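Notes follow the structure.
The values are calculated or read from the model by the stated rules, or taken from the named source; none is laboratory data. Here the structure is a predicted model, which means the values were calculated and not measured. Every residue, glycine as well, gets a Cβ built from its backbone with ideal geometry; the counts of neighbours run over all protein chains shown. All accessible areas refer to the heavy atoms of the entire protein, side chains included, with ligands and DNA or RNA removed. Shrake-Rupley method; radii C 1.70, N 1.55, O 1.52, S 1.80 Å.
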Amino acid sequence: RQGIGEPSVYHAVVVIFLEFFAWGLLTTPMLTVLHQTFPQHTFLMNGLIHGVKGLLSFLSAPLIGALSDVWGRKSFLLLTVFFTCAPIPLMKISPWWYFAVISMSGVFAVTFSVIFAYVADITQEHERSTAYGLVSATFAASLVTSPAIGAYLSQAYGDTLVVVLASGVALLDIGFILLAVPESLPEEMRPVSWGAPISWEQADPFASLRKVGQDSTVLLICITVFLSYLPEAGQYSSFFLYLRQVIGFSSETVAAFIGVVGILSILAQTVVLGILMRSIGNKNTILLGLGFQILQLAWYGFGSQPWMMWAAGAVAAMSSITFPAISAMVSRSTDPDQQGVVQGMITGIRGLCNGLGPALYGFVFYLFHVELNEMAEVETLGKASKPNMANPTDESSIIPGPPFLFGACSVLLSLLVALFIPEHSLALRSGSHKKHSTGAQAHPHSPPAGGSDGKEPLLEDSSV
């Protein structure tokens, strides 16, 4: 085998940590460059950039997963990490090209799909949950630490050093894959030539979505996921920009906010989730998580003071229990031979939301005239840049964050739908095809849907 040692979960952990650590470093410089590049309609352009990226990821993930099932994981790990990190050095070279390449990189921004397929190749079924948890925890750790480091270096030495450091970390990740990561797909499972056919049904991103209506319980769960995750995906794409430019957080405060909420989210998804599942049951845990999400989004929508954002952030950490609880309900209630089908449907819906949510948030900001005038180039010591909204309207003074209020209404509908989900009667027709909607689900040993995005702390895809 090429690489160091036998393939292991630790190889996957290092790849994920380095990729997201590199992007986390850029949290502060990216907010500055975004506003400088698009001084008008900043939120709208931010939403469109992340929306295009999310939709391209949704469309390409099943194809890349199906190809990796045939041609091996290592080459596709290299491909996804390289193209996902390709925009990083462009931040200082050409901001316009930087944002254009970020949008297009969505075609390959599916590292998690390949990583989970890699882990499935090398673990036994009873070990898989622990392995997926380790990968997700590593992702969380990278995004808890790196924004604070990036903010400090940016403040002390300037944004250029941060971009150079992030580019270096990305190159280190690529080098690690080339030199240290062994192929996980067994030789006998790979074809002799690269011209071998793949199942195009497996590569269809809409394949699993077409099966949603086959069972009423599955339909209710999928509607719940769509209505609750759509605002969550939009929030990830714009919230840190919103904190910095509208609420008036400094770059250091934004980094601290990310770290605190990330740590609280990890605690909520590990300690608190387990306690709630044992004490009030699976369905009630889902309803409680949705209730926290409604409160969090409403607080973001009406809040205009920094302390309100911190309080709402603590509530946001509690709302992160929703999707792991949904994934657990599906896992416990579905027949073993139908796990991949239902989990694939749910993950496919979340992938679709990753494209629709950011674009929707950007459009709502635009409709309510939440725009920014020139941002202070240099912040006075100890002071955040002041919010300076162009064309202020009565609505914007009452509701500083209209999209968050819209999201709260969407999650309220999700809560009403979730009330009708039966707790112990989930099953699909036995004739359903076990084809999945993401690269990870394209592998015969698919991970739980919550692995790649359900167990992430607040920060999913906020900068990548």
Check your understanding: Quick one: ranking VAL272, VAL225 by accessible area, 1.4 Å probe, largest first, what do you get?
Key -> VAL272, VAL225
Revision key, fill the gap. Packing-ranked peptide list from 40-51, 106-117, 160-171, 85-96, highest mean Cβ count within 10 angstrom first, is 106-117, 40-51, 160-171, 85-96
Check your understanding: Once amide H atoms are built 1.01 Å from N in the peptide plane, which residues 5 or more positions from SER184, or in another chain, come under 5 Å H to H?
Key -> ARG73, LYS74
Check your understanding: So what's the projected area for the range 104-185, the Cα convex hull averaged over all directions, in nm²?
Key -> 6.9
Exercise for review: Take the alpha carbon gyration tensor of the range 193-299, find the square roots of its eigenvalues, order them as a ≥ b ≥ c, and report rounded if a/c is under 1.5; if not, report prolate when a/b exceeds b/c, else oblate.
Suggested key: oblate
Review point. Ordered by residue, what ³J(HN,Hα) values in Hz, to whole numbers, does the range 84-93 give under the Karplus form 6.51 cos²θ - 1.76 cosθ + 1.60, where θ = phi - 60° and Gly and Pro are x?
Key: 5, 8, 4, x, 4, x, 6, 4, 9, 7
Point to revise | Karplus-derived 3J(HN,Hα), 6.51/-1.76/1.60, for each residue of the range 48-61, Hz, glycine and proline x | key: 5, 4, 6, x, 4, 4, x, 5, 5, 5, 4, 6, 8, 4
**Study point:** Table column - 3J(HN,Hα) (Hz), the range 205-210, Karplus curve with 6.51, -1.76, 1.60, x for Gly and Pro
**Key:** x, 9, 4, 6, 5, 5
**Study point:** Assigned charges on the beta-carbon of Lys, Arg, Asp, Glu; the range 1-186 dipole about Cα centre (debye)
**Key:** 340
Check your understanding: Heavy-atom accessible area per residue, the range 1-186, 1.4 Å probe: how many Å²?
Key -> 36
Exercise for review: Run the numbers on the range 1-186 and let me know its relative contact order in percent, using alpha-carbon pairs under 8 Å that are six or more apart.
Suggested key: 48
Exercise for review: Using per-residue counts of other Cβ atoms within 10 Å, averaged over each peptide, order 303-314, 59-70 from highest down.
Suggested key: 59-70, 303-314
Check your understanding: Rounded if a/c is under 1.5, else prolate if a/b beats b/c, else oblate: with a ≥ b ≥ c from the C-alpha gyration tensor eigenvalues square-rooted, which is the range 1-186?
Key -> prolate
